[in-house]
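Participant: What follows is a single structure, and I will ask about it in a moment.
Here, each number is a calculation from the coordinates, and none is a lab measurement. Everything numeric in this text was worked out from a predicted model, so none of it was measured. Cβ atoms come from the backbone with ideal geometry, glycine included; neighbour counts cover every protein chain shown.
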Amino acid sequence: MKSKINVPTISVNEAVDRVTRFRDQLAKQVPENNIPRAIFIPISDLLAIINSYDIFRADGTTLNELQGVRAYFAVKESDMDLPDDVTAVIVPVDKEGKDVIYKSKGVGMGDDDDDTEIYDFTQPCPDKCDPTSPLFAP
């Protein structure tokens with residue numbers, strides 16, 4: 001049965017072609033061991049971000065202030081010499097398509113690095129991979 005989710009999908013062959021093309025392009029610039037295959041994003045962490053932006057109305061309905069999240073690829077300084085060190089930092093995206101870097105916008109708020117909405121919970125592949133997937137690509 002086809003899912004009722006109304007987002008575009010692509011075929012397995014197209015997906016394999018795309019990930020292979022990505023790896024082939026990077027192989028010209030980066031050692032094979034450092035080419036990222038994927039990042040794992042725990043759904044519980046995504047849901048926690050989404051749920052923190054829920055607004056509960058007096059009529060009992062819920063409105064969410066987000067359009068989605070954005071993943072920025074990143075490498076930690078301590079991981080510079082490790083293979084497969086690419087992760088991502090996640091930021092909420094508001095209804096206007098802007099990154100929500102600081103949730104609090106009051107006086108004296110939002111200028112401290114500890115008060116950000118930038119999340120670091122992704123895990124690199126192959127540590128969190130499915131090597132049997134056709135997308136793992138040799």
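Participant: Local charge sum around I10 (other residues, Cβ-Cβ under 10 Å, Lys/Arg +1, Asp/Glu -1)? Before the final figure, lay out each step's value.
Facilitator: Working: positive: R18; negative: E14, D17.
Charge balance in the 10 Å sphere: -1.
Participant: Applying 1/(1 + (r/R0)^6) with R0 = 35 Å to the Cβ-Cβ distance of L135 and R57, what FRET efficiency is obtained, to the nearest 0.05? Write down the numbers at each step before the final one.
Facilitator: On the way: r = 41 Å, r/R0 = 1.17.
Calculated value: 0.30.
Participant: Continuing with this model, one more query. Run the quick spin-label model on A48 and I118: label points 7 Å from Cα toward the beta carbon, then report their separation in nm to one decimal.
Facilitator: 1.9
Participant: What does the charge count near A27 come to, summing +1 for each Lys or Arg and -1 for each Asp or Glu among other residues with Cβ under 13 Å from its Cβ? It would help to have the intermediate numbers written out before the result.
Facilitator: Details: positive: R21, R23, K28, R37; negative: D24, E32.
In short, +2.
Participant: Hey, which of these cross-link pairs are over 30 Å Cα-Cα: K28/K76; K4/K128; K4/K103; K4/K28?
Facilitator: Values: K28/K76 23 Å; K4/K128 28 Å; K4/K103 33 Å; K4/K28 40 Å.
Beyond 30 Å between Cα atoms: K4/K103; K4/K28.
Participant: For labels at D24 and S11 in the simple 7 Å Cα→Cβ model, what's the distance in nm?
Facilitator: 1.7
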